[in-house]
1. So how do 65-73, 194-202, 116-124 stack up, highest first, on mean other-Cβ count within 10 Å?
2. Rounded, prolate or oblate, given the Cα gyration tensor of the range 154-202, with a/c below 1.5 counting as rounded?
3. Within 9 Å, Cβ to Cβ, of Asn136, how many net charges do the neighbouring residues add up to if Lys/Arg are +1 and Asp/Glu are -1?
4. Please sort 52-59, 141-148 by packing, taking for each peptide the average over its residues of neighbouring beta carbons within 10 angstrom, highest first.
5. For the range 115-182, rounded, prolate or oblate, judged on the Cα gyration tensor with a ≥ b ≥ c (square roots of eigenvalues), a/c < 1.5 rounded, else prolate if a/b > b/c?
6. For a 25 Å ceiling on Cα separation, which of these pairs sit above it: Lys47/Lys150; Lys47/Lys167; Lys45/Lys147; Lys167/Lys196; Lys45/Lys150?
7. Of all accessible surface on the range 97-188 at a 1.4 Å probe, what whole percent is carbon and sulfur?
Amino acid sequence: MALTSSGTKGFTLIEVLIAIAIFAMISLASFSLFDGVIASDEASKEKMKRLNEIQRAWMVIERDLIQVTQRSIRVDGEAPSTSYFHGGDDMEIIGESAIAFVRNGWTNPGLLIPRSELQSVAYRLEEGSLERLHYNFVDPVVGEEPKVRKLIENVESISYQYFYRDKWQEKVESGVIPKAIEVIITTEDLGEIHRKFLMVGALDEK
C-alpha cells in the first residue's frame, strides 16, 4: 500500500494484480470442488438407479421361480414334453442362454379373464438386455409373439445352475424340478452377479 499525491493511502498496481490472482485461484478451487460434488452426486444416483434395476429384476425372477409347477409346454404345437424346464435348443423364439417354464399363481380373480392362472414364462438375453417373456396362454399357438419386458441392461452373459440329486448341475433332466436354481449374470459395469433361489415345488425323480 502506498501514499497518493493527495496524501491518502491506496493500492499499487502490483498489489491489485496479486489480489486479483488470489481471488481467481480461490474461485477456481471453489468451482472445482463444487463441480466434483455435483459429479459425485450424479454418479451416486446412477449407481443407485442401477442397483435398483437389478434388485427389481431379482424380485421378478424369484416370484416366477418359487412358483414353478409340474406342467410342461407344447413347443410349436407339438405334443408336450416331459421336461419342466426348456432351454434355447427347445424353443427357437427365446434363443440361446435362455430358460422357459410354467409358473402358477398368475392372478385371475373369479376367472374374469379367459385364461388360467398358469403362465408360461421365459428369460432370454437379447442384444445386451435380460428380458422376461410370457404368453397369455400356457401353450401358445404357432406364430404367437410373446409379451416382452426388459429387466436389466448391459448384460454380457447369463447362465444357470440346478441343484438336484445332491449336487449342482449345468442342465436339468426331464421330469425334474430342482431343489434350487442359481442364476449367474455378468454385466459390463458390475461384473458377475450370483443369486440362488429355493424351489418350493421341487420334484427330484430318480
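The values are calculated or read from the model by the stated rules, or taken from the named source; none is laboratory data. Treat the numbers as computed from the prediction; the structure is a model and nothing was measured. As a convention, Cβ positions derive from the backbone with ideal geometry for all residues, glycine included, and neighbour counts pool all protein chains shown. Note: accessible area is taken over every heavy atom of the protein model, side chains too, but ligands, DNA and RNA are not part of it. Shrake-Rupley method; radii C 1.70, N 1.55, O 1.52, S 1.80 Å.
1. Top of the packing list down: 116-124, 65-73, 194-202.
2. Cα axes put the range 154-202 in the prolate bin.
3. +1
4. 52-59, 141-148
5. Oblate, since a/c reaches 1.5 and b/c is not below a/b.
6. Pairs exceeding the cut-off: Lys47/Lys167; Lys45/Lys147.
7. 50 percent
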